[in-house]
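**Student:** I'd like to ask you about the structure that follows.
The values are calculated or read from the model by the stated rules, or taken from the named source; none is laboratory data. Not measured: the values here are computed from a predicted model. Note that we place each Cβ from the backbone using ideal geometry, even for glycine, and neighbour counts take in every protein chain shown.
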Ligand SMILES: CC(C)(COP(=O)(O)OP(=O)(O)OC[C@H]1O[C@@H](n2cnc3c(N)ncnc32)[C@H](O)[C@@H]1OP(=O)(O)O)[C@@H](O)C(=O)NCCC(=O)NCCS
């Protein structure tokens, strides 16, 4: 069977207007700018507004319009929408269908939400690649969009300083003959033995948000930061090493490394384990904090827009999140 190649044809991003600095956070919880910067590298984050339609489908609409324009296609050229989101607009209809309407897509293309937490966009990239490689679709819109501010417990200093809202989108397209851009390889894993280390147990069918949940103030996420930290560094570095090895490459062949933007210390430790020079690592966590599955596509868009990432260059993505999921992708941009 002939396999087609998949390329990233266009990128886009959106972050809410409202900036919340560490100093502002320290007025409401027992923390400080110094602690947050030293432990995480984060200086500020964006917080979405429902009135400004900065919920997932609204943010994704803004990011997707830029990606579609940059790909040089029309909205009705999209064959499938994949929407990675941890907390969607609503339980149903899915956010991908809401996005189809917001973009004015009238071709009735498929629309699917994916939830692999912060790794969701990398999972979506692998799914989309397979659907394009096998010739089923030609243009897939893949968004990673998160409104973490809605599940952030703003009175828990252990977690609330870490997250922010935002969206990143790409159009994945069947590459033409002779095109140097293509997705080369990817790895997806999940270690469910550690699933309780990053969890939002209420709000689903097993424990709907009713009065008992509110009485216990149990409607928020909770996290064992050190378990997540160690697992993140271990899985991201080993997945990247495996991808490089099985594609007969070394880190010297990689032009840019875009890890999930969760925490500067995780990014730096992973980079060191991979022996990746600092100047090849794309970092914007200081400005947006951890925007979950939006972080890699948004950072990609920034680096493409400012001219760092160029066509034909080799790029490595690595992500981790609740599950504990993890994944990595190697590609020629
Ligand atoms: C959360 C994280 C920054 C905490 O850093 P750490 O060095 O592990 O810190 P610890 O958990 O050991 O906490 C050290 C102390 O700081 C305190 N602390 C926690 N958050 C704080 C904050 N925002 N401000 C001030 N102090 C804080 C703790 O209460 C603890 O105090 P104690 O020693 O009196 O109990 C770190 O574990 C981490 O980044 N983990 C990964 C998180 C992540 O990326 N999650 C998203 C996954 S997609």
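**Student:** Starting from region 227-244, keep only residues that are farther than 17 Å from residue 192 by Cβ and free of Cβ contacts under 8 Å to residues at least 60 places away in the same chain, then list their pairs with residues that are within 9 Å of the ligand (Cβ to nearest atom) and not in a helix (DSSP H, G or I) whose Cβ atoms are within a distance under 8 Å, requiring at least 6 positions of separation or different chains.
**Tutor:** 229/263
**Student:** State yes or no: is residue 218 surrounded by 15 or more Cβ atoms within 10 Å (Cβ to Cβ), touching a helix residue (DSSP H, G or I) at 6+ places or on another chain (Cβ under 9 Å) and without any contact (Cβ under 8 Å) to a residue 40 or more places away in the chain?
**Tutor:** Against the criterion (surrounded by 15 or more Cβ atoms within 10 Å (Cβ to Cβ), touching a helix residue (DSSP H, G or I) at 6+ places or on another chain (Cβ under 9 Å) and without any contact (Cβ under 8 Å) to a residue 40 or more places away in the chain), residue 218 qualifies.
**Student:** Can you tell me which residue is nearest to the ligand (Cβ to nearest atom) among those in region 15-37 that are in a loop (DSSP other than H, G, I, E, B) and closer than 15 Å to residue 49 by Cβ?
**Tutor:** Among those that are in a loop (DSSP other than H, G, I, E, B) and closer than 15 Å to residue 49 by Cβ, it is 15.
**Student:** Go through region 67-86 and count every residue that is in contact (Cβ under 8 Å) with a residue 40 or more places away in the chain and either surrounded by fewer than 21 Cβ atoms within 10 Å (Cβ to Cβ) or farther than 27 Å from residue 18 by Cα (or both).
**Tutor:** Within region 67-86, residues that are in contact (Cβ under 8 Å) with a residue 40 or more places away in the chain and either surrounded by fewer than 21 Cβ atoms within 10 Å (Cβ to Cβ) or farther than 27 Å from residue 18 by Cα (or both) number 10.
**Student:** Between 234, 195, 206, which is touching a helix residue (DSSP H, G or I) at 6+ places or on another chain (Cβ under 9 Å) and more than 21 Å from residue 267 (Cβ to Cβ)?
**Tutor:** 195
**Student:** Restricting attention to region 140-155, does a residue exist that is in the same structural domain as residue 318 (by TED's automatic domain parsing) and within 25 Å of residue 225 (Cα to Cα)?
**Tutor:** Among the residues of region 140-155, not one is in the same structural domain as residue 318 (by TED's automatic domain parsing) and within 25 Å of residue 225 (Cα to Cα), which makes the answer no.
**Student:** How many residues are within 16 Å of the ligand (Cβ to nearest atom), part of a helix (DSSP H, G or I) and crowded, with 16+ Cβ neighbours inside 10 Å if we restrict to region 221-247?
**Tutor:** Count: 10.
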